[in-house]
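Inspection log for the structure reproduced underneath, given as structure tokens.
Taken together, the values in this text are just the output of simple stated rules run on the coordinates, not laboratory data. No experiment lies behind these values; they were computed from the predicted model shown. Every residue, glycine as well, gets a Cβ built from its backbone with ideal geometry; the counts of neighbours run over all protein chains shown.
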């Protein structure tokens, strides 16, 4: 089953949508969730939440916290009224801490961090292509583009 979201975007049940924090729209994230798809994104620095519960974590993996939270802002809460999973991850390779949000409570916290890391690798790949191959824009007309 598909649902038309913003600008022709369709969410497919069982799919993962991994996006940067600049694209956070809780209404869109909730539509993705209701369709049976999953999202992973970084939380904005001003993300306000109420902690519902915490899972124990093995900090040796880089996972610092794994929580179920709800949105604190009432207006935003109305656009996403269910619990969101909040994860804090420290990447020892680059010495940076990241806070992720997802609607998937089933996969491991480390898998959530890996999904975002893969998204970042793809972004760096496209940046490299644009810098080294003098590509100004990517165009495609097929479903797979």
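Just a few scattered comments:
- Here the alpha carbons of the stretch 2-132 define both size measures, Rg and Dmax, at 15.1, 47 Å.
- Computed E for residue 20/residue 60 - FRET, C-beta separation, R0 35 angstrom, nearest 0.05: 0.80
- Residue exposure sequence - 116, 16 - by fewest surrounding Cβ within 10 Å: 16, 116
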